[in-house]
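Here the structure is laid out as structure tokens; the discussion comes afterwards.
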There are 2 protein chains.
Amino acid sequence: MTFNFSSVIEHYAERHPEREAIIYEGRRLSYGQLQERCEALACALQERGLKAGDIVAILLKNCPEFLETIIAVNRLGAVALPVNWRLVGEELVYILNHSETKLLVSEREFAPVVEAVRGRCPALSHVLGVGADVPAGWLVYDELLAAHQGQRIAAVEVGSDDLHRLMYTSGTTAYPKGVMISYGNLYWKNIAQITLFGITAADRTLIVGPLYHVGGLDLPATSVLYAGGSVVILRKFEPLALLETVQRERVTNMWLPPSMINMLLQAEGIWNYDLSSVRFIIDGGEKMPIPLIQKLLSLFPQAWFADAYGLTETVSGDTYLDKAKTIEKIGSVGKPCLHLELRVVDENDRPLPPRQPGEIVLRGPKVFKGYWKDPEATAAALRNGWFHTGDIGYLDEEGYLYIVDRKKDMIISGGENIASLEVERVLYEDPRVLEAAVVGMPHPRWGEVPVAYVVVKPGQTVTAEELRAACQAKLARFKVPHHIFFIEALPRNPSGKVLKRELRLRVAEDAAATARGGSSSPSQSANPA
Amino acid sequence: MTFNFSSVIEHYAERHPEREAIIYEGRRLSYGQLQERCEALACALQERGLKAGDIVAILLKNCPEFLETIIAVNRLGAVALPVNWRLVGEELVYILNHSETKLLVSEREFAPVVEAVRGRCPALSHVLGVGADVPAGWLVYDELLAAHQGQRIAAVEVGSDDLHRLMYTSGTTAYPKGVMISYGNLYWKNIAQITLFGITAADRTLIVGPLYHVGGLDLPATSVLYAGGSVVILRKFEPLALLETVQRERVTNMWLPPSMINMLLQAEGIWNYDLSSVRFIIDGGEKMPIPLIQKLLSLFPQAWFADAYGLTETVSGDTYLDKAKTIEKIGSVGKPCLHLELRVVDENDRPLPPRQPGEIVLRGPKVFKGYWKDPEATAAALRNGWFHTGDIGYLDEEGYLYIVDRKKDMIISGGENIASLEVERVLYEDPRVLEAAVVGMPHPRWGEVPVAYVVVKPGQTVTAEELRAACQAKLARFKVPHHIFFIEALPRNPSGKVLKRELRLRVAEDAAATARGGSSSPSQSANPA
């Protein structure tokens, strides 16, 4: 039946063939053209042996072919696997082999990494190259399309639980896990966003965050396509190019990770554009201070700044903060979307009263059915019928959710829980601090103790002693960081989240360097503190 | 999980308690108030023994309590059964007993019919009376709400296939059949309408068609509630009151059956209102002539007149004609909605080429799962995985659907198919003809022969001979009506469809009267033809 994601595109191609679907670097694809290209690609891939259930990995920077591949692959009943292009070779080999990827779609820019891993992936039978200068030995995307132009192929019939997409998340375990996203998961996510934001065919979303991430792909791009609207794609983030595109294309909404918002607001010349077409901007991840939000809202005068919380396992967007509550409930990520049930529970899955932090658990039709070939991780995550997010939060008396921490980012010191966010907040209160992240360091007596990584603002000076004194004045003794390391920048993932995992990996070494009589931080020299 | 229809209302009551949900005769209910009332009612009904799976019939004119009952009953996992208040006692007894209705919600106006049937329905334990002057022996709606005010009750967990509603259709069989509408059916219908019309929380729909009909309830009222918008309810149709309400409440959309459109456009004083808020009007049933459509669009200058085709079995709205095609494709009901597959097939379910009429069959998540306690009718209707609508239509080369006839309205005369619509079209070409309906009459030699019922315009004169001559000039001989009966009005159902069943029941008698030497029509005297 017409439940295939490719059938959704076909539906709009049937009803409104001339409507704009994708805009990218001067190219404009109507729904009719998009559908033709996807059917040609599906025919080409079928001819090369691709069939229902096969996995097709996508290692591309943002481009129309990224979306076309997903649609064409789905048309055959096959499964798209967007891959983070920041992964190193070993991670890529693991994902391609674990998923048994049959076909990899990539481009010239990634030829070295593709060639390095190709021989180590026995299931991988083809590499398909997008764009110009496709390396020898790869299939050429544009040639396949030309060869199969005008060919038609029916969409494979799929049901609600059939697999639309795989996405690997690194999360907390040693190896990344493959999140299985079904058609039902995707559509219920779409419906939640469509009803919440009033997304219609008149909407034009800007994709500037990476398409391999649920943020770029689903917050809310897939919803806009589902509603028959248009997506404008940028290959990379560049503040003024972004604003120029918004103005030219009358963009109505977008997802901007916190890192991009920061860079955007710090750029010169941002006030020269008409950005009044933007109805909403979705953000999520870190808390933004009120002045920054106000600056963002001055820049986009009609926009609803929707702080959100979501996970790959739920196809993004589980809670959103409503427009009217932007300032009143600042720091909150809002309330659950349609058809999603959210609880904050203790370790026995019992709901906790307001203000008491516990693990956030979720239930509803947009929640994934499990991890690919990993029944143990699936059973652990989906126990008692609820998805256990591993995130710690609390609800206020009115049901607004506040994220406290990743469960694994909670520091347990002498039996006491320390929310790293609470310590970070104190550090951020010092106007000289640009960024701060607190993690646990193994300790022989306390199990763990908190330590802080701090980035000082350019041209500013601050000492570890000053920051420790501030913490001592405002926090219980056991929460005061044992070490404060100054570094140049916090490690972040592409969606802007701080990679505390990386900090934890280096914390022992940094502490040892300090103990060896070095400065209080190996990176301190970078800041004249 | 939060899949209950009552959970949808609760969702908006949580997020936007102050938003208007229902407007009716000076009353304005916010989502917060609506939710409170529905929970109080659910508590009251639970206390009186209502439980999951029970059937609650609703015999009410349009009012907020109609919707509240559906929501409250769903909250308990019970099933709402809207009943056509035009039914006679015998039909009502059949439906209440066949469905094993436990509770009937009604009002003073229907006290005589309720009291007449109550004793013959053994499963019926309570009658609940809405409004003033509730008869003795009935529960009183307002008293229940007052007694349980402020009480909370959680929604019963339901799944996609669980029963949301029952609706009896008379259709073609001797007894009405109970269409089982699941939550999934309802929501996929909503999603199709929301994406097609861009329905958002800003929409305000007017309900003026009867709420016991999928038109009044679902085209698109339930979709507007699903999107968190507002519904304005009128108890009855009155042209100027309707227009005044549209103007005052800034109504953005509505369903208007053809009969109402006709009456509206014929009324005096319709040009004195600001009706620019109306974005779309859904219609369906009979073809409207272009001048009438143009008059409607002059009256509602911003409106999209969306001609539609749908059935109770699919929760309404299967195909819609797009705005840009209103005139170009006049007479077509458009293309299928999202996630709905439509075919025109022969008697062996083989798809037919363009322009060739056959039975319309449908497939998709909004198609019902069967008739209540009627496995035979279910198997007949849902054979080979497709819902067989019993309607005859054809697709043009571009995939636009045209309705030819009800399958059972096809007249088979000497082995030849006669589409009654084709004959009616010729009759309508005479400017003196107001209405015409052609049905088959049993005939010893030909099996059936076509006969016509005609309503002449007031003050006009036409003879049967003149009309037969016109038919002879334009139709094959076997298609020319054997009799032309003049009557005062065609029998119609509440949504404006001509009840050909009733004409077929009387045709033999009318023909006999003619044969006995009466006038060529027993009703002819009503028109000075």
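Miscellaneous remarks
- Scanning region B:371-384 for residues that are closer than 20 Å to B:Tyr168 by Cα and not hydrophobic (A, V, I, L, M, F, W, C), we see that the one that is nearest to the other protein chains (Cβ to nearest Cβ) is B:Thr378.
- Residue ID - surrounded by the fewest Cβ atoms within 10 Å (Cβ to Cβ), chosen from residues in region A:466-482 that are out of contact with any strand residue (DSSP E or B) (no Cβ under 7 Å at 6 or more places or on another chain) and of a type in the set (A, V, I, L, M): A:Ala473
- Filter result for the condition that a residue is touching a helix residue (DSSP H, G or I) at 6+ places or on another chain (Cβ under 7 Å) and at positive phi, over A:Asp162, A:Asp133: A:Asp133
- When region B:150-174 is limited to residues that are over 18 Å from the mean Cα position of the chain (by Cα) and either within 13 Å of chain A (Cβ to nearest Cβ) or at pLDDT below 95 (or both), the one that is farthest from A:Ser223 (Cα to Cα) turns out to be B:Ala174.
- Residue count for region B:438-465, restricted to those that are loosely packed, with under 14 Cβ neighbours inside 10 Å and among the acidic types (Asp, Glu): 1.
- Per the conditions (1) among the aliphatic types (A, V, I, L, M); (2) modelled with pLDDT of 95 or more; (3) over 26 Å from the mean Cα position of the chain (by Cα), the sole criterion not satisfied by B:Ile71 is (3).
- Of all residues in region A:73-89, exactly one satisfies the criterion of being closer than 12 Å to A:Leu45 by Cβ, surrounded by fewer than 24 Cβ atoms within 10 Å (Cβ to Cβ) and touching a helix residue (DSSP H, G or I) at 6+ places or on another chain (Cβ under 6 Å), namely A:Leu76.
Conditions (1) among the charged types (D, E, K, R); (2) at pLDDT below 95; (3) within 22 Å of the chain's Cα centre (by Cα), marked per residue:
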| residue | (1), (2), (3) |
| --- | --- |
| A:Arg248 | yes, no, no |
| A:Met263 | no, yes, yes |
| A:Ile293 | no, yes, yes |
| A:Ser298 | no, no, no |
| A:Leu311 | no, yes, yes |
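- Matching residues in region A:37-70 - criterion: being in a loop (DSSP other than H, G, I, E, B) and of a type outside the set (A, V, I, L, M): A:Arg48, A:Gly49, A:Lys51, A:Gly53, A:Asp54, A:Lys61, A:Asn62, A:Cys63
- The residues in region B:259-291 that are open to solvent by less than 40 Å² (accessible area, probe 1.4 Å), assigned to a helix (DSSP H, G or I) and among the hydrophobic types (A, V, I, L, M, F, W, C) can be counted, and the count is 5.
- Residue match in region B:324-344 (condition: over 18 Å from the mean Cα position of the chain (by Cα), of a type in the set (S, T, N, Q), open to solvent by 40 Å² or more (accessible area, probe 1.4 Å) and farther than 20 Å from B:Tyr187 by Cβ): no
- Region A:483-512, residues that are more than 28 Å from the chain's Cα centre (by Cα) and crowded, with 17+ Cβ neighbours inside 10 Å: A:His483, A:Ile484, A:Asp510, A:Ala511
- Residue, most open to solvent (accessible area, probe 1.4 Å), within region A:214-233, restricted to residues that are away from chain B (no Cβ under 14 Å) and over 18 Å from A:Thr69 (Cβ atoms): A:Leu219
- Residue list for region B:390-424, restricted to those being in a strand (DSSP E or B) and within 14 Å of chain A (Cβ to nearest Cβ): B:Leu395, B:Leu401
- Test: residue in region A:30-51 that is among the hydroxyl-bearing types (Ser, Thr, Tyr), free of Cβ contacts under 8 Å to residues at least 40 places away in the same chain and within 27 Å of A:Asp203 (Cβ to Cβ): yes
- Criterion (within 14 Å of chain B (Cβ to nearest Cβ), touching a residue at least 60 places away in the same chain (Cβ under 8 Å) and open to solvent by less than 10 Å² (accessible area, probe 1.4 Å)) met by exactly one of A:Ile9, A:Ile22, A:Ile70, A:Ile55: A:Ile9
- The one condition in (1) open to solvent by less than 10 Å² (accessible area, probe 1.4 Å); (2) over 20 Å from B:Leu265 (Cα atoms); (3) out of contact with any Asp or Glu (no Cβ under 9 Å at 6 or more places or on another chain) that B:Leu243 fails to fulfil: (2)
- Set A:Leu50, A:Leu96: member being open to solvent by less than 10 Å² (accessible area, probe 1.4 Å) and either out of contact with any Lys or Arg (no Cβ under 6 Å at 6 or more places or on another chain) or not aliphatic (A, V, I, L, M) (or both): A:Leu96
- All of A:Phe368, A:Phe387 fail the test of being within 14 Å of chain B (Cβ to nearest Cβ) and either open to solvent by 50 Å² or more (accessible area, probe 1.4 Å) or within 25 Å of A:Gly399 (Cβ to Cβ) (or both), apart from A:Phe387.
- Highlighted here are the strands (runs of 3 or more DSSP E) found entirely within region B:299-364 that include at least 1 residues which are of a type in the set (Gly, Ala, Ser), away from chain A (no Cβ under 12 Å) and within 22 Å of B:Leu421 (Cα to Cα): B:304-309, B:332-336, B:358-363.
- Meets criteria (of a type in the set (Gly, Ala, Ser), assigned by TED's automatic domain parsing to the domain that holds B:Leu96 and under 16 Å from B:Ser230 (Cα atoms)) for B:Gly49: no
- Residue within region B:28-48 that is within 14 Å of chain A (Cβ to nearest Cβ) and polar (S, T, N, Q) present: yes
- Top-ranked residue in region A:135-173 [being β-branched (Val, Ile, Thr) and open to solvent by less than 30 Å² (accessible area, probe 1.4 Å); ranked as nearest to A:Val8 (Cα to Cα)]: A:Val158
- Which listed residue is modelled with pLDDT under 95, open to solvent by less than 40 Å² (accessible area, probe 1.4 Å), of a type in the set (A, V, I, L, M) and within 18 Å of B:Gly317 (Cα to Cα), from B:Leu211, B:Leu256, B:Leu206: B:Leu256
- Among residues that are farther than 18 Å from A:Gln193 by Cα, touching a helix residue (DSSP H, G or I) at 6+ places or on another chain (Cβ under 8 Å) and polar (S, T, N, Q), A:Asn262 is included.
The values are calculated or read from the model by the stated rules, or taken from the named source; none is laboratory data. Just so you know, these numbers come straight off a predicted model, no measurement behind them. When we count neighbours, we look across all protein chains shown, and the Cβ atoms used for this are built from the backbone with ideal geometry, even at glycine. SASA here: full protein model, heavy atoms, side chains in, ligands and nucleic acids out. Shrake-Rupley method; radii C 1.70, N 1.55, O 1.52, S 1.80 Å.
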